[in-house]
Ligand SMILES: Nc1ncnc2c1ncn2[C@@H]1O[C@H](COP(=O)(O)OP(=O)(O)OP(=O)(O)O)[C@@H](O)[C@H]1O
Ligand SMILES: [Mg+2]
């Protein structure tokens, strides 16, 4: 069974008196452990599709099925729990919490969960992640004391801290220079291998697309090509 | 939950100026209301104490007797009836003061004279009175002289007398005859608890009674000083019920009562002779209490409390509007952040709770600051010593303004404040909790 499957998904945004048909019937599946890129020009529907996979938006029509669960059937509370337990998020604008330092930002999702694991083990795990993303010396710094690349690395660690099955990254490199952007994608790839986490990232940068082992090309709200291998 | 509280707490420090401003507004409101409440509560107690010493007790028994001439005089004639009526309530009574009272009399020293009111008291019983009066010249020891008189400083200054001087007093007997007596000034006192417009002197009840034409051992008023001031109305009722068994009660014959309380407080200047409406036999008793006498004062304090409550509500409303607007702003500022934490997995109710806690912390911090300032204010205000002859005498206790901070009152204020805070922040908090995650993440802020 596929980790994620989209069946004839449509998304129509109301826009004043008219509507924007952003996604016009998209069907694809994503396998566990893949490093997936959703590529396409601006306005092609990348963000919209990632939002629906990430359960932060709902399809107007069609279904998004994650690990066999049809997300349509869940209440907000359950969806929030699903996001917490199964999904990790990396944002274009990093979206760290300004009042928290690096360590606390990474720890944050753990504190939202129901299960309380041992404090020492938690600290070890966060420290391990900080080492992985190379931020151990920045542990007590606040986000505004970090560079863009560093911030995005904090975000990667934060996305992984709950050991999610899937990490979604909407244009994670768009606010970074190309060198730093490549580093971030490399790092995500490394995590993909280390933890066997499925990564899905969107981009319109062609050089980055090549690192992915499953590329879905979108155009005008439709899948233009879908190649795995 | 701890995490939510921690975040809320840190959020306050994000916009320090704004938080301090809001906190100050809350602090100001709390300061004002606690100060005012402390003042009125203190005033009430001060007035109670001052009235108690002024009136010479908590429960007052008056008597009226119709003379053969048809004239009504203030006098307790049937002393055994009263004594018998007192025995069931003996446990409640701390001190019994019997008094006589001259009408407005003229006191003369050399070529100077002035008018005053003289109470005849039994010095051995009046421990409370001695405690209230501050001796400026002479001493209470001189009061063993049966002709001794204690004068307030104001009168002594007018007459330019000193302790030890002899003065002459011209007064009317209870039957309206003129009489003259000579007194020795035993002590000159200031009475911080007294109305400054009532110039009262104190003399020995035996001697004054003699001058007033009372029978030996006779008196006009009996004042009861109770062990528990809060029992005064109960005790008064019991006493009335006892007296009613064997004697007439003024309270039962309203046609010639015409507001005893008023008469009693105004009667200081008049000695209390009125024309008979309907003659009766024996002593007609009347029992009044400190509460009756203080009714207008209590009314004034109630009004003061209402004014301060209104002020508090106005200040609170203004502050709460400020709070509401602040959290609307916070909602806009943090929209994307809320989207982020919701995406990461924070539940709606926790988003709402962050807002609630943040606002509550702000209000609590403000309240704490206001409370501390109010306590300091009370300590400072209470430390100011007023002049002994200050016109504010009745409002002062031992020449100080008394403030009383009531713990339940303060708690009530804080509870009201916190409830209002929750109300004010409710809408922004709810809107924050209901933000659509995708929309929130898309905003540019
Ligand atoms: N909330 C919205 N309301 C109305 N229209 C929207 C909304 N969000 C997206 N759209 C429209 O839907 C279409 C797809 O948008 P989407 O953001 O998914 O594209 P994208 O591929 O992510 O583009 P970009 O590379 O610029 O981020 C666009 O035409 C966009 O204008
Ligand atoms: Mg996009």
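The values are calculated or read from the model by the stated rules, or taken from the named source; none is laboratory data. Here the structure is a predicted model, which is why all the values come from computation and not from measurement. Quick reminder, even Gly has a Cβ in these numbers, built from the backbone with ideal geometry, and neighbours come from all protein chains shown.
A few points about this structure:
- When we screen A:220, A:205 for residues that are in contact (Cβ under 8 Å) with a residue 12 or more places away in the chain, on the phi > 0 side of the Ramachandran plot and away from chain B (no Cβ under 14 Å), the only hit is A:220.
- Breaking point among (1) within 14 Å of ligand 1 (Cβ to nearest atom); (2) under 30 Å from residue B:13 (Cβ atoms); (3) touching a helix residue (DSSP H, G or I) at 6+ places or on another chain (Cβ under 6 Å), for residue A:102: (1)
One line per residue, one yes/no per condition, for (1) away from ligand 2 (no atom under 16 Å from the Cβ); (2) touching a strand residue (DSSP E or B) at 6+ places or on another chain (Cβ under 9 Å); (3) free of Cβ contacts under 8 Å to residues at least 12 places away in the same chain; (4) at negative phi:
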residue: A:70; (1), (2), (3), (4): yes, yes, yes, yes
residue: A:86; (1), (2), (3), (4): yes, yes, no, yes
residue: A:109; (1), (2), (3), (4): yes, yes, no, yes
residue: A:132; (1), (2), (3), (4): yes, no, no, yes
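- Test: residue in region A:112-129 that is within 9 Å of another protein chain (Cβ to nearest Cβ), touching a residue at least 12 places away in the same chain (Cβ under 8 Å) and in contact with a strand residue (DSSP E or B) (Cβ under 9 Å, 6 or more places away or on another chain): no
- Test: residue in region A:57-65 that is within 16 Å of ligand 2 (Cβ to nearest atom) and facing chain B (nearest Cβ under 9 Å): yes
- In region A:42-56, the residue that is nearest to the other protein chains (Cβ to nearest Cβ) out of those that are part of a loop (DSSP other than H, G, I, E, B) and within 15 Å of residue A:79 (Cβ to Cβ) is A:56.
- Applying the criterion of being more than 22 Å from residue A:123 (Cα to Cα) and modelled with pLDDT under 95 to the residues of region A:148-168, the residue that is farthest from ligand 2 (Cβ to nearest atom) is A:149.
- Residue A:64 in contact (Cβ under 8 Å) with a residue 24 or more places away in the chain and within 12 Å of ligand 1 (Cβ to nearest atom): no
- Scanning region B:113-130 for residues that are free of Cβ contacts under 8 Å to residues at least 60 places away in the same chain and under 15 Å from residue B:143 (Cα atoms) returns B:124, B:125, B:127, B:130.
- Residue-level analysis places residue A:68 outside the set of residues that are out of contact with any helix residue (DSSP H, G or I) (no Cβ under 6 Å at 6 or more places or on another chain) and modelled with pLDDT of 95 or more.
- You will find that of A:50, A:15, the residue that is in contact (Cβ under 8 Å) with a residue 12 or more places away in the chain and either touching a helix residue (DSSP H, G or I) at 6+ places or on another chain (Cβ under 9 Å) or near ligand 1 (Cβ under 10 Å from one of its atoms) (or both) is A:50 and no other.
- Residue A:169 at negative phi, crowded, with 22+ Cβ neighbours inside 10 Å and more than 16 Å from ligand 1 (Cβ to nearest atom): no
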